[in-house]
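The values are calculated or read from the model by the stated rules, or taken from the named source; none is laboratory data. All figures in this text were calculated on a predicted structure; none of them were measured in a lab. Methodologically, a virtual Cβ is constructed for each residue, glycine included, from the backbone with ideal geometry; neighbour enumeration extends over all protein chains shown. Quick note on the areas: whole protein, heavy atoms, side chains included, nothing else; ligands and nucleic acids left out. Shrake-Rupley method; radii C 1.70, N 1.55, O 1.52, S 1.80 Å.
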Amino acid sequence: MFSPKKRKRRVTRRRQRRRRRDHSVKAHSRPEERGVDFFSPSVAKYWRQRYSLFSRFDDGILMDEEGWYSVTPEAIAAAHAARATSLAGRGCPLVLDGFAGVGGNAIQFASRDCHVVAVDIDPQKIGFAVHNAKIYGVEDRIDFVTGDFFRLAPRLKGDILFLSPPWGGPSYRDFRSYTLDLLMPRDGYSIFQLAQQITPNIIMFLPRNVNLNQVEELSWLSSPPLKFEVKVQIFL
Ligand code: SAH
């Protein structure tokens, strides 16, 4: 028999173990195995693309529902990272990822030996990003910060600023022309205005149906105007 104190400790430990197990089942298993109450049916599509999102998915990648539909596919994140390193010329730039999510982009920047400051307002996303970065063995090159990019921005430094703000969920595709006011939590002009106070080297990851005239206008907000480049990346 256990003393009441020992018994309580055993029960607490058992509960903690169960909570950890349930949590990882939720994050890993197929949406259709768990019904639609945890992830919505739209996540099923992303489940089929899991290895395009993270090639090491089976090593235990963790995501929540928003993570599933907002993580940058690995090949696209790798292309962003390649462009960032070529922008910086020699040496490895300090990359600031203002909306880091579950770490899709931060991991690829760090895989190119960049040092990354990864900010996200959602502590659970940051927890998953730390975990996912460990799977890729790059956690030492990333400083993870839970916080609001807009509040932190005046104090942040970086050679390259990478921005993938929320597009408003999968319904972004329904717009014939995706205008910058649809970006969240603030419109694209406000985000960019703040961004250019940090560095002129800004990479924004935007929907492929974005209104390109508006995006080009952003570069004129600076004086002198910034050089502007568009890369269209197709993800099948
Ligand atoms: N590029 C990321 C996905 C980013 S999705 C990846 O590959 O994983 C957009 C993220 O912006 C979400 O994780 C959301 O939590 C975060 N976010 C929303 N508002 C924010 C804010 N004010 N400051 C920082 N992060 C914010």
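Being out of contact with any Cys (no Cβ under 9 Å at 6 or more places or on another chain), open to solvent by less than 60 Å² (accessible area, probe 1.4 Å), modelled with pLDDT of 95 or more and within 21 Å of Trp68 (Cα to Cα) is a description that does not apply to Val116. Please verify whether segment 95-112 includes one or more residues that are in contact with a strand residue (DSSP E or B) (Cβ under 8 Å, 6 or more places away or on another chain) and either basic (Lys, Arg) or surrounded by fewer than 18 Cβ atoms within 10 Å (Cβ to Cβ) (or both). The answer is no; no qualifying residue exists. With segment 68-170 as the region, which helices (runs of 4 or more DSSP H) entirely inside it contain at least 1 residues that are touching a residue at least 60 places away in the same chain (Cβ under 8 Å)? In segment 68-170, 74-88, 104-111, 123-135 are the helices (runs of 4 or more DSSP H) which contain 1 or more residues that are touching a residue at least 60 places away in the same chain (Cβ under 8 Å). Looking at Ser52, is it open to solvent by 40 Å² or more (accessible area, probe 1.4 Å) and not β-branched (Val, Ile, Thr)? Considered against the rule, which asks whether it is open to solvent by 40 Å² or more (accessible area, probe 1.4 Å) and not β-branched (Val, Ile, Thr), Ser52 comes out as yes. Taken together, Asp97, Asp148 contain a single residue that is within 13 Å of the ligand (Cβ to nearest atom) and within 16 Å of Asn201 (Cα to Cα), which is Asp97. The set of residues in segment 151-168 that are open to solvent by 20 Å² or more (accessible area, probe 1.4 Å) and within 14 Å of the ligand (Cβ to nearest atom) comprises Arg151, Leu152, Pro154, Arg155, Leu156, Ser164, Pro166, Trp167, Gly168. If only one of Asp64, Asp58, Asp37 is open to solvent by 50 Å² or more (accessible area, probe 1.4 Å) and either at pLDDT 90 or above or within 16 Å of the ligand (Cβ to nearest atom) (or both), which one is it? Result: Asp58 is the single residue among Asp64, Asp58, Asp37 that is open to solvent by 50 Å² or more (accessible area, probe 1.4 Å) and either at pLDDT 90 or above or within 16 Å of the ligand (Cβ to nearest atom) (or both).
The combined condition, being under 23 Å from Pro73 (Cβ atoms), aromatic (Phe, Trp, Tyr) and either touching a residue at least 12 places away in the same chain (Cβ under 8 Å) or surrounded by fewer than 16 Cβ atoms within 10 Å (Cβ to Cβ) (or both), is not fulfilled by Phe228.
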